[in-house]
Structures are given as C-alpha cells and as structure tokens.
Amino acid sequence: MKKLHYLKIQNFKVFGQPITIELDQPSVLIGPNNSGKTTVIQALALWHLGIKKWYQERFNSTNPSSIGLNRLDIPQVPVLHTKYFWQKLSLRKNKSPITMSITVGVEFKSQVEECSLNFKYSSSEVIYFQLDEKTVKKNELLNYINQLKIEMLYPMAGIATEEPLLQEGRINVLIGEGKTSEVLRNFCYQVVENDDKNHTNDWQEITQLMKRLFQIDLKKPTVLRARGSIELKYTTPSITKNGLDIAVAGRGQQQVLLLISYLFVHKNTVLLLDEPDAHLEILRQRQILTVLNYLADKNDNQIIMATHSSVILENAIDSNLVMLIDGEAMNLAKKPIIKKALKDFGLEHYYKAKISKAILYVEGSTDIEMLKALAELLNHPAKELLTDKLNCYYIKDSDPDASFDKEIDKATGDYRSHKEHFYALKACVPALTGIALFDGDNRRKPDEISDDLATVYWKKYQLENYFIMPQVIEEFVKAYYAKQFLASSTAQRNLALLKEAINQTILVDILNNDAQAYAAYLKLDKALQRQLFINNANNKKLSEFLDHVLEKFSELNHKPRLLNKGRYYELIPFLPKPAVDSEVTEKLDLLVKYLRM
C-alpha cells in the first residue's frame, strides 16, 4: 500500500536546490555513485524521527519553540559532526542560518497531506527543528504520522560468528551504523516470538521460501542462555545431521534471509532498503524483487529501495523508477522516450550522456588507446579529452549493409548502429553531441558531418596504417631489448632477424610476392624505402602486416611473440613527429570540436 506519495528535500547532503522525488509501491531509486540514492532514504528516516520527537514533546502544546536533536539520537543517519547534514557543509549565507527542509506527502483519509520539517544548525552535536506552521494545527494528521512505521535497512556486510540477544533500541542503532550482519539472528528470533504471541506462521513461510530459493532447511533460532546468544542453523540435502551455522552460508543466502525476516518483523511499515540486491547474482536479483513485492502486498508494506541492479531497473521501469543525477530527480516510468532508450541500451549509456553531453564512437577500445598515444605524441589538446572519463561507445561493425553474420550479431545484441544509439540518447539529452571515427576499410565512404553528429572515416585502410612502418617497428624492438640488458651481440643478432622478418613480410603482404619490385625496394635508401612502403601500404590492413612480422620474428629467433594486437599502440611513441600524417591532426581537431561543444 502506498503510504507516502512524494518527498521534497532542500539543503540536505547532496541536494541543495529543492528537489521532489515521487514515491510509489514499490519505489526504485537509481543513479550513479554519490547521486543521492541513500540520501533520499536517510531524509525519510530523519523526517520520521523528527515527527515522532515533536509529537512526544510538542503535541497539544502551546510552546512554539524548536526542538533539539542530538546526532547520536539519529542512528539511521550517522555523522561525526552535524554540519555533514548540510549540502556542501554550508551552514550560513550572509550571516543568516541556512534552513534544511524535508517535506513528505502522506496519504491520509484518501487524500495527500503535506508535512514539513525545517532544520537549523546549532552545534557539532545538535541540530534544531520545527514543524511547518501549516501542519502544527493538524492534530489528526500528526497523530497518524506518529503511529506510521518507517524502518531502514542497509545491505548485509558479512556476519558475526556469535550474536547476542538484543533489545530493539540496540538493533536500531546497529542498523543505523550499517552493522546489519550483527542483527540477522535477532530478526529471525523476533519472527518466532511474534508467531508465538500472535498465533501466526511467519517462520514457517520463511523456511518455505528459503528452501525454494536455496534448497536448505532452516531450523528455529534458539537462545543459548549460558552465552546470552542466538543460535541459527540450517541443513542441506548433503548435510543433515548437526546442521550448519548461518555464519557459514553464502553471502547471498544471508542477504535474502535478512530481507525476508526484516519484512516479517516490520509489517504495515514503510521499508527503506539500501541496495537489497547486494551480493545477489542476476537470477537472485530477479527473484528477490518478486519476493519483496509479494511480501509487501501481503504485509501492507511500502518499499522504497536504492539500487544499482539493472535487473531491478528493467522490472521497475514500467511502474516507478526514479533516477537521481546532478541534483535532479526524474520519474523515468513517466518519460516514454527515456524509458525506450533505457530498455534498448541500458542505464549506463543514459548516465554517461547526461553527465558528459558528448560521445565518441569507435570500433574498439584499442582505437581509444591509439588516439591517446597519437595525441600525446603531438601534444594535441585531444589528450585532455581522451581520459577515463570519456564517454565512448564501441561499434563492432560500422558497415550498415545487411549480411548473415551481421544479422546474427543483431539478434544477440552485439550490434548497434551508432546513429540509432546517438539519436535515441539525444532525444533524452538534447544538448548531446558526438563524433564517430571509423576505419576506411577501402570502402571510400563519404564523411557525414552535421551540427550534432559527425561520422568520419580514415582515408587509409585503418588507424594502424598511420604508425605501423618498418622503421617504427625496429625502433620499438631496439628499445625493448635495451630494457632487457641483452649482450650487444645478442641484440644485434635479434635485430638482424627482425629486419629479415620485416622484409619477408613486405615481399608477401605489401608487394604481393613481386620479386622484381622487392629487389628494387632493397636497393633504395631508407627514405625512399619508407615512401615506397607508405605508397603501397595505404590500402593494406597493416595490423595484419604487423601480425605476420611478429609471428615470423618469433619463428626466426625461437622466442615468444613480443606484442599482441591489443598493445600495438605502444609503437606510437617511436613514430617521428614529422612522419605523422596531417590527417591525424585533422581528425583530432574534429574530435575536440565535437567533444567540447
């Protein structure tokens, strides 16, 4: 049942400007790290704690003064200093205190009533808060909210080998500190106690669920009076005699038991779950979402969860999926264009487009490394963009013509048109610009340049053609042997073998086994040899040429191959700057233009 309809936050942790988050049953919060997913959950916990404290001290009172709240009394939002509650730690503006506000839309008597708390900084240990003036006089609403149960749970983080029987207050403190591993047995014990008290069969249902999910038989938790601790064991089809302690179970199994027992202990409650999918593989993530929704409906819960799980995302996108990014909150379920993009390409692509506002398309990750190395060699501004923060998308095959192999790729999700990808994301992020930089592959395809997307092709066969040259290969190998501290005679012998491998490969791959042309090549000086190689190699796939050189060299010197294809970019530092084709600079200039728009 939906009990809370929306949350408004201002100046709390990562949120400065007012932000409204729509809530549903269930509500799924997604976003990159540090986007505020956990902050939303903590805001609800703090709001509820404040309401209950105000009710205890000010309900039906004529005293309008604010109430102090010690940071140690807020276990759900642990901080070392109360300034950490405020966005950017900003406590004052123009000598006036900055107010932190949390507002919640609560369903009451079939309509949504708004209830706000305003917080002000007092000291490192204490903050003060007041109830909104409009809400103070709504006694029935305040009485209802005071009775409303809101509980918070962090993910499992290991498990204690021994767990004492705890009071509810201590359990809440440990949960607030993220020490859920120290309360699992207590939750299970509470379920059994509640069964005895209320004549229910919740523990039986838990054991049935765990048996179905993990093929185990859970035993009833018991209190070891001599040690003051709780024992919780289970058996498996292969271990039936004495059973195993829950501490030796898999982390995913412990996490699922924690969630299920938590839901049974907290019926008719708004449950705030931080990454309930933690430690679960894909199948379990889908299962736990189904279980959570089933138990929430059965036990009259509203679930609000923060997650990174793409599986939960896919299942929530049609109902209530709120994305937090750059201080904004968007209900993606209500945005068909964004929803389609997420279904087609996944959440990560939308994140990156939203954050970077630009995208680079290449045929593989090695293209990025080669572009980086060329930009470094030329000291080109593109080197500042070709970093780990770059938003790039790899295209397996940039040829749009249909073929059987490509259709197979499409069916398995490995193929995407870069234009389809770009314009799907641009519909979600209008400011998006992009550049696609593909190999020419001797197809002589024309460049397509528009204001938002440029698709350009290398004039030579592929990017490797701009730096794979005999002299560059030789210089790379010389530097390699210099680091090996080989005897001079050994190094010279190996370099002679390398020269032989290069020449044999030039004869076969570059000169097409033309013995006359090869004989003429050998008579030329180095400069003319270099030019002849370039003239004859433009339309050749030089990555294959280098493959053959390295394989032949390995055969001749009886040593392992020096370099695999994924590291060919390591040759680029040995390319003389004057030998860099002007087209490389042109392409890097274009890259900067479209990635910096």
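No value in this document is a laboratory result; all are computed from the given coordinates. Bear in mind that the values here come from a model prediction, so they are computed numbers and not experimental data. Quick reminder, even Gly has a Cβ in these numbers, built from the backbone with ideal geometry, and neighbours come from all protein chains shown.
Identify the residues of segment 200-237 with backbone N under 13 Å of a label point that sits 7 angstrom from the Cα of Tyr294 along the Cα-to-Cβ direction, or state none. Counting backbone N atoms under 13 Å from the label point, the list is 205-214.
Take the alpha carbon gyration tensor of segment 1-57, find the square roots of its eigenvalues, order them as a ≥ b ≥ c, and report rounded if a/c is under 1.5; if not, report prolate when a/b exceeds b/c, else oblate. Taking the square roots of the gyration eigenvalues as a ≥ b ≥ c, segment 1-57 is oblate. Expressed as a rounded percentage, what relative contact order does segment 468-579 have, with Cα pairs under 8 Å and six or more residues apart? It comes to 37 percent, rounded to a whole number. Inter-label distance, Gln204 to His558: 7.8 nm, where each label sits 7 Å from its Cα along the C-beta direction. Computed from Cα atoms, the angle from the helix 526-537 axis to the main principal axis of the chain rounds to 60 degrees.
Fully extending the segment from Glu348 to Ala527, taken as 0.36 nm per residue of separation minus the present Cα-Cα distance, adds 59.6 nm.
Computing volume of the Cα convex hull per residue in Å³ for the structure here picks out one of (1) 137; (2) 250; (3) 205, namely (2).
When the Cα gyration tensor is reduced to axis lengths a ≥ b ≥ c, the ratio a/c is 1.5 or higher for segment 465-534, and with a/b above b/c it is classed as prolate. Can you give the FRET efficiency for Val136 and Arg212, using 1/(1 + (r/R0)^6), R0 = 41 Å, r = Cβ-Cβ distance, to the nearest 0.05? E between Val136 and Arg212, to the nearest 0.05, is 0.25. The Leu244 and Glu125 beta-carbon pair, evaluated with R₀ = 30 Å, returns a calculated FRET efficiency of approximately 0.10. Counting only DSSP beta bridges with both residues in the chain, the antiparallel share comes to about 65 percent.
Shape of segment 510-597 from its Cα gyration tensor (a ≥ b ≥ c, root eigenvalues): rounded if a/c is under 1.5, otherwise prolate when a/b > b/c, or oblate? Taking the square roots of the gyration eigenvalues as a ≥ b ≥ c, segment 510-597 is oblate. For the chain, a simple Cβ point-charge model (Lys and Arg +1, Asp and Glu -1, everything else neutral) yields a dipole of about 1320 debye relative to the Cα centre. Compared with the dominant principal axis of the Cα atoms in the chain, helix 202-214 is inclined by about 10°.
Cβ-to-Cβ counts within 10 Å put His558, His421 in ascending order as His558, His421, the fewest first. Dipole size of segment 1-104 about its Cα centre, with +1 on Lys/Arg Cβ and -1 on Asp/Glu Cβ: approximately 320 debye, rounded to the nearest 20. Computed from Cα positions, the angle between helix 470-484 and the longest principal axis of the chain comes to roughly 60 degrees.
Reducing segment 502-547 and segment 1-61 to their Cα centroids gives an inter-centroid distance of 70 Å. With both labels modelled 7 Å from their Cα along Cα-to-Cβ, the Asp73 to Asn539 distance reads 8.4 nm. Taking every DSSP helix (H) stretch of at least 4 residues in the chain, weighting each as -39,500 (n - 2.57) and dividing the sum by the residue count yields a mean residue ellipticity at 222 nm of -13000 deg cm²/dmol. Stretching the chain fully between Asn512 and Ala160 yields a gain of 119.7 nm (0.36 nm per residue, less the alpha carbon separation). Inter-label distance, Lys334 to Ala519: 8.2 nm, where each label sits 7 Å from its Cα along the C-beta direction. Charges were assigned to the Cβ only: +1 to each Lys and Arg, -1 to each Asp and Glu. The resulting dipole of segment 468-579 about its Cα centre is roughly 280 debye. Look at Ser261, Ser417 and count the other Cβ atoms within 10 Å of each Cβ; fewest to most, that gives Ser417, Ser261. When Cys392, Cys188 are sorted by how many other C-beta atoms sit within 10 angstrom of their C-beta, beginning with the fewest, the order is Cys392, Cys188.
Extension gain, Asp589-Arg567: 0.36 nm per intervening residue step, less the Cα-Cα distance, totals 5.5 nm. Between Asn60 and Ser96, the C-beta separation translates, for a Förster distance of 30 Å, into a calculated FRET efficiency of about 0.45.
What separates the Cα centres of segment 125-195 and segment 269-285 is a distance of 18 Å.
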